[in-house]
Structure formats: structure tokens, C-alpha cells
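The values are calculated or read from the model by the stated rules, or taken from the named source; none is laboratory data. Quick caveat, the model's predicted, so the values are computed rather than measured. Counting neighbours? That spans all protein chains shown, and the Cβs are built from the backbone with ideal geometry, glycine included. Calculation scope for accessible area: heavy atoms of the full protein, side chains included, ligands and nucleic acids excluded. Shrake-Rupley method; radii C 1.70, N 1.55, O 1.52, S 1.80 Å.
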Amino acid sequence: MRNFISVHDVTNIDAMVQKALAFKANPFAEKSLGANKRIGCLYLNPSMRTRLSTQIAAQNLGMECIIFNVGQEGWALEFEEEAIMSGKTVEHIKDAAPILGKYFDILAIRTFPNLIHKDEDYSEMYIKQFIKYAGIPVVSLESATLHPLQSLADVITITEVLNNAEIQNRKPKIVLSWAPHIKPLPQCVSNSFAQWITAWGKSDFVITHPEDYELSEEFTNGATITHNQDEALKDADFIYVKNWSTYNDYGKLYESDPKWMLTNKKLELTNNAKVMHCLPVRRNVELSDEVLDGTNSIITQEAGNRIWAAQAVLSEILKSNG
Ligand code: CP
């Protein structure tokens with residue numbers, strides 16, 4: 001593995017999941033693999049889970065991890081080729097990234113979409129420019145359109161639950177359900193979850209959302225899509241709850257109808273479904289207290305698995321790149 005930007009960087013999802021679960025059982029199994037190696041984690045946007053879990057994962061492998069909140073503390077970066085830098089940006093990625101390539105062995109980047117220009121966000125220019133100019137492996141800590149470390153942790157969590165479940169002789173039903181919010185959010189987590197679950201190919205995968213909230217077909221091909229949430233929830237084994245803004249009329253939040261919020265009453269439609277969310281979550285807007293605090297929630301387990309997802313990915317990159 002050279003970079004980790006999407007599911008396409010993984011040749012065998014189940015093998016990655018097993019690798020992550022092996023680290024969960026024995027966190028220091030490769031404690032010297034990253035000795036004398038350094039990862040630089042650049043945050044252009046806020047984070048709690050990604051930042052801490054990636055740092056812990058690197059340390060478990062014996063790597064030094066340096067965090068740079070470039071969005072708050074660094075020079076404003078320019079990413080456009082041939083830009084005339086007479087505006088707010090101070091340093092071009094062409095100048096900054098090769099230096100980072102000298103300082104670090106792996107570079108990890110978090111950068112959100114602007115939710116204004118769809119073509120710009122979906123071109124993934126920021127992360128591609130880092131790959132182009134850094135000259136070292138690049139890991140996405142969430143990009144403009146995807147969140148692959150989150151999705152790997154999600155598949156790890158689903159696998160753990162299935163290993164202890166009584167679902168036999170059928171595929172589990174996994175539902176990605178849109179949820180209300182107070183502001184437009186990126187499509188990254190939902191795109192990425194859809195991309196990984198369809199690539200994994202081991203479930204009956206349904207996406208439910210209000211009209212006009214279609215995600216890009218690039219990521220949802222292979223899923224069943226319905227605007228009827230109750231129909232989607234019927235007999236579900238897992239419900240992944242997430243808000244996202246509109247993709248077609250880009251970056252809008254048209255409505256925030258509370259009837260889309262998951263409640264215990266709606267859970268009665270399911271096969272005692274486990275409830276997932278990437279966090280952070282707005283309580284009693286996206287998800288009700290009763291569901292978050294109830295026994296069906298596996299959200300803390302899911303967030304805990306972020307360490308093992310990151311550790312599996314960093315281990316793969318260290319082994320592939322000497
Ligand atoms: N799920 C997730 O990426 O959380 P953070 O934004 O806190 O990193």
C-alpha cells in the first residue's frame with residue numbers, strides 16, 4: 001500500500017479487518033515496526049477521534065507522531081497550479097509539501113470540503129496535491145469526499161458484531177439512514193461508508209434519505225435507495241445514522257424534519273438493529289438520547305476501533321514502503 005485515500009487502496013478488506021482485530025487483541029505486536037520513523041499529521045480542520053486514534057496507532061507501532069494544526073497555526077496554503085498569489089494564501093503546496101516529505105516518512109492530512117464548488121471538492125485537489133508534491137505515502141484523515149479510516153473502523157465493528165451474532169444463512173441488512181441537522185454537513189462519511197460496504201459485498205445494503213438528498217452514484221452503485229425510512233428499517237441488523245447535505249444542488253440543507261431522527265419506536269421495525277454513528281453527534285437532533293444511551297448503540301465500540309483501523313493501515317504502509 002502506497003497511500004490510503006479510499007477503499008481502492010485496499011486489496012482485501014477482510015484481511016485488513018483481521019489485521020486490525022489482531023492489533024486490538026495485541027496492540028504492541030509490531031511495536032518496533034515504526035522505530036526511527038515519523039508521521040506528520042496535518043489538520044486543516046478540527047478533530048478529536050481521528051487525531052487521537054491515529055497518534056495512538058502510530059505510537060503502538062513505535063513511530064513518532066507530530067501533529068500540526070495547519071488550519072489554525074500554519075501559513076494559508078495555495079493548492080491551485082499557476083495561481084497568482086495576491087490573495088489570502090501565503091505558501092504554495094508545491095513549496096510546502098516537498099519540505100514535509102523531507103521531515104516525515106508518512107504524511108496524514110485532514111481537509112474538509114468547502115461545500116460551495118462541487119467540482120472542486122469532488123476533484124479532491126487538496127489531498128492529490130499533497131500526494132503529487134510530498135513524495136512520501138499520504139493517508140487521508142478525512143478528505144473532501146471520503147473518510148476511509150472511519151469506514152474501515154465501521155467494517156471492523158460490523159464484523160465484530162457479526163462474529164457474535166445469530167445471523168446465519170443470510171446476509172446482514174445494513175441501512176444508511178439520513179438524519180436531521182442544524183447545518184449542511186459534508187457527504188464524506190456517507191460516501192465512504194457506501195463505498196466500503198458495497199466493495200465489501202457481504203450485506204443487503206439500503207440507503208434511505210428524504211427526496212433530493214441523493215449521494216453521488218459513484219459511491220452508491222450497488223445499494224438499494226428508498227425515501228421511505230420505515231421500509232428501509234424493516235428487519236435491519238445495522239443502522240448507520242448520518243446527516244449529509246445535498247449533492248446535486250450542492251451543499252444545501254433544505255429541511256431538517258425531526259421525523260427522520262431515529263427513536264426506540266423506529267427500532268421496533270428492525271431486527272434489534274445495532275446503531276452506528278461516526279461522531280460527533282448532536283443529541284436529540286441527529287439521534288435521540290434514548291437510542292444513544294440504549295443497549296442497541298455500538299457507537300463507543302465503533303469509535304474505539306478507530307485505533308485498530310489506523311494501526312492496520314500504518315502497518316501496511318510501513319511494510320510496503322520500507
Ligand atoms: N469521526 C471522526 O472523524 O471524528 P473526529 O472528527 O473527532 O475526528
Among 109, 143, 245 - extreme Cα towards positive end, dipole of the chain, charges at beta-carbon: 109
With DNA, RNA and ligands ignored, accessible area of residue 49 (1.4 Å probe; Å², nearest 10): 50
Qualifying chymotrypsin sites (Phe, Trp or Tyr not before Pro) for the stretch 3-106 [loop in DSSP, other Cβ within 10 Å: at most 15]: 28, 75
Whole-number D in µm²/s for the chain (Stokes-Einstein; Kirkwood sum over Cα pairs; 4 °C, 1.567 mPa s): 64
Residue-averaged 222 nm ellipticity for the chain, from DSSP H runs of 4+ at -39500 (n - 2.57), nearest 500: -10500 deg cm²/dmol
Measure of compaction for the stretch 231-322 (Cα Rg per 2.2 N^0.38 Å): 1.36
DSSP-assigned coil residues among trypsin sites (Lys or Arg not before Pro) in the stretch 79-140, each with at most 15 further Cβ atoms within 10 Å: 88
Among the listed pairs 94/183; 24/183; 118/319; 24/242; 94/252; 88/118, those beyond 29 Å (Cα-Cα): 94/183; 24/183; 118/319; 94/252
Stokes-Einstein diffusion coefficient of the stretch 1-108, Kirkwood radius over Cα pairs, 25 °C, 0.890 mPa s, in µm²/s: 153
Candidates per GluC sites (Glu not before Pro) in the stretch 137-182, loop by DSSP, up to 10 other Cβ within 10 Å: 166
Span-rule helices in the chain, defined as complete DSSP H runs reaching 20 Å or more along the axis (Cα) with Kyte mean at least -0.5: 148-163, 306-320
Positive-pole candidate from 59, 47, 77, dipole of the stretch 2-146, charges at beta carbon: 59
Cα convex hull volume per residue for the stretch 150-303 (Å³): 99
Solvent-accessible heavy-atom area per residue, rounded to whole Å², over the chain at 1.4 Å: 44
Candidate aspartates and glutamates - alpha carbon under 19 Å from residue 19, same-chain residues fewer than 8 apart omitted: 9, 30, 154, 160, 302, 316
